[in-house]
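The values are calculated or read from the model by the stated rules, or taken from the named source; none is laboratory data. Not measured: the values here are computed from a predicted model. In this analysis, Cβ positions are derived from the backbone assuming ideal geometry, glycine residues included, and neighbour counts consider all displayed protein chains.
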Amino acid sequence: MNIKTISFILLAIAILAGCNSGQSDEEIRAEINEKKKTINELEKEIQALENKQKEDSIYNVPVNTKTITAEEFRHQIEVNGNVEAEKQATISPEINGQIRKIHIEEGERVRKGDLLVELSTEVTRKNIQELETSLELAQTRYEKQKSLWEENIGSEMQYLQAKNQKESLENRLETAKAQLEKANIKAPYSGIVDEILMKEGDLAMPGTRLLRIVNLKKLNINADISENYLSKVEKGDTVSLSFPAYPDITMDAPIYRTGNIIQPDNRTFKIQLKINNIKEKLKPNIISVLRINDYTNPQAFVVPSIIIKKDIDGDFLFVAEKNEKGNLIAKKRYVETGKSYKDQTEILNGLERGENVIVDGYNMVTSGTGVRIKNRK
């Protein structure tokens, strides 16, 4: 039933009531005018209710908002680094020799100076015996020549030859004993025997890989950084470290040194960190993730990066604010963005403190769409 129908019914009721009451025509007209006035007021009230009903049905897009406040924003460089042991070496013999005895096993811990491998020394020992015998004779001859020379008997040349022969044999004997010592291959530092590459009976020669030993207590982490950050990364800067292979291990460490050369093939420079390997969990050659802070704004306006859209005029987002009727609507707002990190973006211009940015439901609104806030973040 529309408004006109209601009006006619009310008017008819009023006329009939007037006719039945014996009122005069003037009184009836006055009463009719009064009733029409009432109908007009009712029509206005009905129209207002219908408008409100329409508005309520339009402004109902549910959204979540974030109230803009100043907060700290940090931007970090994130690069991968390689872990290496500070003390790691592949050991080779210094002399030729057949491997006589291997005194250690793979995975065994050794201390500095422990005997690892023993080479055959029979030839060297025999050579030492011969040299010792020859040296005894040369020593005796030298002493006699020296005694004669002191008594002015014999020539100076005979004395010098005896002296030279003795000293030459002494040097050769010292060299042979040094070679004998080199036949005993010892640990250069404390660590773990990671791999034994030869077997007993094999012929070992200088330059051949005999075994590998590693100390896991101290590690180096090396990474390549783009030359774009050369002025922002310095020795002593704190780096946050994590390791994909060990998600529970995180730490901070200072940059120990920075490279002085830009690599021409990839336009990077090297940085190195030194860390203590807690419980020796970390292994050489695993990947580490380095996060280096290169920018900090302690009073930044920060929004989720995903809510920022772009059109021909630039970057924009939506804020929730009241229109002239007091209804909450979405309003398109162009902004100037700064740096982004971890799905968060710094807003340099375009927002004011206290404004409500739509962070959930932003893809269901356009400028002027009515909204209803579910939760303010």
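Put simply, of ASP248, ASP252, ASP294 the only residue that is outside any loop (DSSP other than H, G, I, E, B), surrounded by 12 or more Cβ atoms within 10 Å (Cβ to Cβ) and of a type in the set (Asp, Glu) is ASP294. Cβ separations smaller than 6 Å between residues 6+ apart or across chains give the following pairs from segment 227-244 residues that are more than 23 Å from GLN263 (Cβ to Cβ) and of a type outside the set (Val, Ile, Thr) to residues that are surrounded by fewer than 14 Cβ atoms within 10 Å (Cβ to Cβ) and modelled with pLDDT of 90 or more: SER240/ASP252; SER242/THR250; PRO244/ILE287. Considering each residue of segment 218-241 in turn, at least one proves to be part of a helix (DSSP H, G or I) and either of a type in the set (Ser, Thr, Tyr) or modelled with pLDDT under 85 (or both).
Checking the condition buried (at least 16 other Cβ atoms within 10 Å of the Cβ) and farther than 22 Å from GLU71 by Cβ, which residue from THR345, THR369, THR337 passes? Working first, answer last.
Values: THR345 fails: farther than 22 Å from GLU71 by Cβ; THR337 fails: farther than 22 Å from GLU71 by Cβ.
The match here is THR369.
Of the strands (runs of 3 or more DSSP E) lying entirely inside segment 59-170, the ones with 2 or more residues being over 30 Å from LYS374 (Cα atoms) and either at pLDDT 70 or above or not acidic (Asp, Glu) (or both) are found at 71-91, 97-102, 115-119.
Applying the set (1) surrounded by 12 or more Cβ atoms within 10 Å (Cβ to Cβ); (2) within 16 Å of VAL303 (Cα to Cα) to ASN363 leaves exactly one unmet item: (1). If I filter segment 257-268 for residues that are buried (at least 16 other Cβ atoms within 10 Å of the Cβ) and farther than 30 Å from ILE99 by Cα, do I get at least one hit? Yes, some residue in segment 257-268 is buried (at least 16 other Cβ atoms within 10 Å of the Cβ) and farther than 30 Å from ILE99 by Cα.
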